[in-house]
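Enquirer: Before anything else, here's the structure in question.
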Amino acid sequence: MKIVVLDGYTENPGDLSWAGLEALGELTVYERTAYAEDPIIAQRIGDAEIVVTNKTPVSKATLDACPNVKLIAMLATGYNVVDYVCAASKGIPVVNVPTYGTASVSQFSIALLLEVCHHIGHHSQTVHEGRWATHKDWCYWDYPLIELEGKTIGIIGFGRIGQAEGRIAKAMGMKVLAYDVFPSDSGREIAQYVDLDTLLAKSDVVTLHCNLTPENTGLICRENIAKMKDGAILINNARGQLIVEQDVADALNSGKLAAAGLDVVYTEPIRADNPLLQAKNCIITPHISWAPLESRQRIMDCTVENIKAFLAGAPVNVVNIK
């Protein structure tokens with residue numbers, strides 16, 4: 001079979017191996033193709049039977065132009081870049097990588113929180129610039145430093161990643177509240193489940209780990225921010241569309257929110273006119289929660305196994321065909 005990887009660079013910038021895929025067929029890897037609809041996508045797929053993609057879209061028009069496609073394999077958990085309904089109508093399974101980043105994403109969420117609390121990067125930079133060596137006092141700090149023990153963290157979306165973050169927060173002495181549409185026994189061992197309004201009202205820190213749905217798009221908006229504690233901290237490394245960016249920027253600038261730590265934004269790469277870029281006390285990183293080597297190796301391994309299973313006639317991790 002011919003296998004084409006449309007946008008392999010972010011998954012494998014050179015520190016992993018494509019050998020597992022090479023063993024399964026005639027492999028062509030493109031570092032980047034397009035992140036919006038473009039005729040080049042169909043051109044690069046050509047007569048390939050297996051398409052591997054991360055963020056390059058695979059639309060109905062592309063599928064119509066590429067009748068040889070038999071499988072679409074995501075180098076990710078999310079599959080919204082693929083017209084999976086059209087793929088299903090053509091009998092094309094779309095397979096994803098359902099679990100790979102639990103440890104890395106939960107760790108990164110806590111890292112964002114700790115950076116908000118201590119601004120370690122900023123203070124390290126000032127030391128390297130010579131400020132400490134010439135300072136009249138034996139220490140200094142440019143931001144309020146925050147101790148987390150005894151404070152309440154509210155986690156919206158309490159699946160694998162949310163629960164992993166909850167365990168870390170609990171180990172740091174925080175009280176853990178959770179909101180999820182599907183409460184679980186494993187979650188109850190870590191957190192107290194509450195309704196959304198209670199979580200917003202009682203949490204010193206609100207973090208997001210829910211899937212993006214039409215119902216929760218724009219969840220963190222002016223109305224819900226008003227329900228939060230004055231001076232609360234917001235952490236989001238789930239999906240940028242979960243927040244209304246102008247409303248969050250306004251809350252940061254007014255002091256309603258003390259700070260935000262964000263690894264995702266509504267449009268990625270971030271637009272130069274994004275209001276969060278000018279907001280007070282807003283830390284933004286370029287969607288890298290998922291990107292440690294160990295996490296990306298799990299993506300690679302699962303993708304190879306997904307394709308092997310398909311070739312064996314027993315596809316797994318199929319998201320569009322029952």
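Enquirer: Please give the charge dipole size of the chain, origin at the Cα centre, charges +1 on K and R Cβ atoms and -1 on D and E Cβ atoms. Round to the nearest 20 debye.
Expert: Value, rounded to 20: 360 debye.
Enquirer: Then there's this: Of the peptides 225-236, 305-316, how do they stack up when ordered by the mean number of other Cβ atoms within 10 Å, highest first?
Expert: 225-236, 305-316
Enquirer: Residues with beta-carbon under 12 Å from that of residue 35, excluding residue 35: net charge, scoring Lys, Arg +1 and Asp, Glu -1?
Expert: It works out to a net charge of -2.
Enquirer: Summing Lys, Arg as +1 and Asp, Glu as -1, what charge do residues with Cβ under 13 Å from the Cβ of residue 112 carry, residue 112 excluded?
Expert: -3
Enquirer: Only one of the values [x] 25.0, 95; [y] 25.1, 83; [z] 21.9, 72 was calculated from this structure for Rg and Dmax of the Cα atoms in Å; name its label.
Expert: Calculated Rg and Dmax of the Cα atoms in Å: the matching label is [z].
Enquirer: Now a separate question. Quick one, could you list the DSSP H helices from the chain stretching 18 Å or more along their long axis (Cα atoms) with average Kyte-Doolittle hydropathy of -0.5 or above?
Expert: Membrane-span-like by this criterion, though nothing is claimed about a membrane: 102-118, 293-311.
Enquirer: A further question follows. First compute the accessible area of region 1-62 with a 1.4 Å probe, then give the percent of it belonging to carbon and sulfur atoms.
Expert: Within region 1-62, the accessible surface is 51 percent carbon and sulfur.
Enquirer: What is the ratio of the Cα radius of gyration of region 205-322 to 2.2 N^0.38 Å, with N the residue count, to two decimals?
Expert: Against the compact-globule rule of thumb, the ratio is 1.34.
Enquirer: How large, in percent, is the carbon and sulfur part of the accessible surface of region 167-322 at a probe radius of 1.4 Å?
Expert: 53
Enquirer: Count the lysine pairs in region 185-322 whose Cα atoms lie under 27 Å apart, taking only pairs 8 or more positions apart in sequence or on different chains.
Expert: 10
Enquirer: May I pose another question? How far is the Cα center of region 159-197 from the Cα center of region 217-295, in Å?
Expert: Spelled out, the Cα-based centre of one part sits 21 Å from the other.
The values are calculated or read from the model by the stated rules, or taken from the named source; none is laboratory data. In this text, all values refer to a predicted model and were calculated from it rather than measured experimentally. Note that we place each Cβ from the backbone using ideal geometry, even for glycine, and neighbour counts take in every protein chain shown. To get the accessible areas, we keep the full protein, side chains included, count just its heavy atoms, and leave off ligands, DNA and RNA. Shrake-Rupley method; radii C 1.70, N 1.55, O 1.52, S 1.80 Å.
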